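> So that we are looking at the same thing, I have put the structure below in structure tokens.
The values are calculated or read from the model by the stated rules, or taken from the named source; none is laboratory data. Values in this document were obtained by computation on a predicted structure and should not be read as measured data. Glycine gets a Cβ as well: all are built from the backbone with ideal geometry, and neighbour counts include every protein chain shown.
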Amino acid sequence: MFGVRKLLMYGVVAAVAVALVPAAGAQKSKTQKRARRESNTARKARVARTIDATYTHKYEIFGGGGYMRFRSGDTLKKNNEVTWAANGSYYFSPKVAVIAAAGGEFGHANASINNIYGVYKPQINEYTFLGGGSYRFYATERVALSAQALGGVGWGIFSGGSKGIPSTLLGIYPDGFRPAFSFAVSADYNFFPNLAFRFSPTYLGTTFGGGVQNNLGVNAGVIYRFGRQGQ
């Protein structure tokens, strides 16, 4: 009889244990889910604070360099050029800014092979001074995309490396100032709210010689942000 009672008691204890284990597991799962929800909420709040801190700066300064393909004469092949670029932006809002930009391009023209002067690869330089607007159409904690449209003046120095021979005798555009314009899409990667790397595929339209030169290139460099909008 004693053995039966003991056996029954063990059975009841085992049944209670079996019943309690799923309940404890369910309670643990609920606790983990609650902790996960709290973690996600905290993360979203942190990301929102970072985004606000990043894109409410009033000023941006960019400096860098890159590469461009440039046509130095109507009948000449395009040549490769090394570039530098710098600009400053004033933001009215997290998305809209005005820009003042300057840049330079340096290379060797593919002069006309029919020229009688024996100068076939003279050095040429172009500078641009542009202003316009920027619109930031995508922004996350780490990445932002924006588009820029600028207009102004280009300065071509095409005779400086031609050994005193006027550039036009080599089939190259004449020296001088002419209207210029550009369009670019920029991708920014943020290291910190006030520091980022920018990569900008760029179209530069110049009008040396009276026509339009469609020049494509890319610039890359560093952005530094400071100041606060509304202050």
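> What are the residues in region 133-161 that are hydroxyl-bearing (Ser, Thr, Tyr) and within 21 Å of PRO179 (Cα to Cα), if any?
Residues of region 133-161 that are hydroxyl-bearing (Ser, Thr, Tyr), as a first pass: 134-135, 138, 140, 146, 159.
SER134, SER159 - these are the residues of region 133-161 that are hydroxyl-bearing (Ser, Thr, Tyr) and within 21 Å of PRO179 (Cα to Cα).
> So is GLY103 out of contact with any helix residue (DSSP H, G or I) (no Cβ under 7 Å at 6 or more places or on another chain), free of Cβ contacts under 8 Å to residues at least 12 places away in the same chain, among the small types (Gly, Ala, Ser) and assigned by TED's automatic domain parsing to the domain that holds PHE191 or not?
Numbers: out of contact with any helix residue (DSSP H, G or I) (no Cβ under 7 Å at 6 or more places or on another chain): yes; free of Cβ contacts under 8 Å to residues at least 12 places away in the same chain: no; among the small types (Gly, Ala, Ser): yes; assigned by TED's automatic domain parsing to the domain that holds PHE191: yes.
No.
> Spot the failing condition for ALA48; the list is (1) within 20 Å of GLY132 (Cα to Cα); (2) outside any strand (DSSP E or B); (3) not polar (S, T, N, Q), and only one is missed.
(1)
> Where residues in region 204-217 are touching a residue at least 40 places away in the same chain (Cβ under 8 Å) and surrounded by 15 or more Cβ atoms within 10 Å (Cβ to Cβ), which of them is farthest from the chain's Cα centre (by Cα)?
Within region 204-217, the match that is farthest from the chain's Cα centre (by Cα) is GLY209.
> A further question follows. Farther than 25 Å from TYR120 by Cβ, under 22 Å from the mean Cα position of the chain (by Cα) and not in a strand (DSSP E or B): does that describe ARG228? Even if it seems obvious, please write down each step before you answer.
On the way: farther than 25 Å from TYR120 by Cβ: yes; under 22 Å from the mean Cα position of the chain (by Cα): yes; not in a strand (DSSP E or B): yes.
So ARG228 passes the test.
> Which residues, counting only those in region 93-132, are surrounded by fewer than 19 Cβ atoms within 10 Å (Cβ to Cβ) and of a type in the set (Ser, Thr, Tyr)?
Once the filter is applied, which keeps residues that are surrounded by fewer than 19 Cβ atoms within 10 Å (Cβ to Cβ) and of a type in the set (Ser, Thr, Tyr), region 93-132 yields SER93, SER112, TYR117, TYR120, TYR127.
> Okay, moving on. Step by step: first the residues of region 204-219, then only those that are of a type in the set (A, V, I, L, M) and part of a strand (DSSP E or B), then the one that is farthest from ALA111 (Cα to Cα). Which residue is that? Before the answer, list the steps.
Just the residues of region 204-219 that are of a type in the set (A, V, I, L, M), to begin with: 204, 212, 216, 218.
With part of a strand (DSSP E or B) added as a condition, the list becomes 204, 216, 218.
Values: LEU204: 21, LEU216: 20, VAL218: 24 Å.
Looking at residues that are of a type in the set (A, V, I, L, M) and part of a strand (DSSP E or B), I get VAL218.
> Now for a different question. When you go through ILE172, ILE165 one by one, which is the residue that is more than 24 Å from VAL47 (Cβ to Cβ), touching a helix residue (DSSP H, G or I) at 6+ places or on another chain (Cβ under 9 Å), of a type in the set (Val, Ile, Thr) and surrounded by 14 or more Cβ atoms within 10 Å (Cβ to Cβ)?
ILE172 is the lone residue from the list that is more than 24 Å from VAL47 (Cβ to Cβ), touching a helix residue (DSSP H, G or I) at 6+ places or on another chain (Cβ under 9 Å), of a type in the set (Val, Ile, Thr) and surrounded by 14 or more Cβ atoms within 10 Å (Cβ to Cβ).
> Still on this structure, please answer the following. I need the full set of residues from region 94-138 which are more than 19 Å from GLU81 (Cα to Cα) and small (Gly, Ala, Ser), in order please.
ALA97, ALA100, GLY118, GLY131, GLY132, GLY133, SER134 - these are the residues of region 94-138 that are more than 19 Å from GLU81 (Cα to Cα) and small (Gly, Ala, Ser).
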